[in-house]
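The values are calculated or read from the model by the stated rules, or taken from the named source; none is laboratory data. None of the values given here were measured: they were computed from a predicted structure. A quick note on method: Cβ atoms are made from the backbone with ideal geometry, for glycine too, and the neighbour counts reach across all protein chains shown. Note: areas computed on protein heavy atoms with side chains; ligands, DNA, RNA excluded. Shrake-Rupley method; radii C 1.70, N 1.55, O 1.52, S 1.80 Å.
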Amino acid sequence: MREEFIKNVMPVSTIHQLTNFRVIFESATTAKLTAHCVAHHSTKEKGYYSRGGLAEVSLVLDEADDLWKIVELTMKGKWVS
């Protein structure tokens, strides 16, 4: 697994940014979150490119530790340059 990681992931220089978080509480223990996301990548094969879009997240409050947990995460790509 380590070799596959180094071969496929390590050669990519990347930065991910999320902003404009919006949270809608559906109940006392469930919520939906959206955020705009941009990812910048650089590889030897493709050079530099960026992707952007919207992250949509379903959350649930874990009452055992009083922390919000991700139930579902969907990334909706809107553009590539």
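What the table below lists for this structure:
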{"read-out": "Residue-averaged 222 nm ellipticity for the chain, from DSSP H runs of 4+ at -39500 (n - 2.57), nearest 500", "value": "-2000 deg cm²/dmol"}
{"read-out": "Close Lys-Lys pairs in the chain, where close means Cα under 29 Å and separation is 8 or more or interchain", "value": "12"}
{"read-out": "11 Å reach of a label modelled at SER13, 7 Å along Cα-to-Cβ, counting backbone N of segment 33-72", "value": "41-44, 48"}
{"read-out": "Modelled FRET efficiency - R0 25 Å, HIS41 with ALA64, Cβ distances, 0.05 increments", "value": "0.10"}
{"read-out": "Local net charge near GLU56, Cβ-Cβ under 14 Å (Lys/Arg +1, Asp/Glu -1)", "value": "+2"}
{"read-out": "Surface accessible to a 1.4 Å probe, per residue, for the residues of the chain, Å²", "value": "80 Å²"}
{"read-out": "Protection proxy ranking, peptides 49-56, 68-75, average beta carbon neighbours within 10 Å, highest first", "value": "49-56, 68-75"}
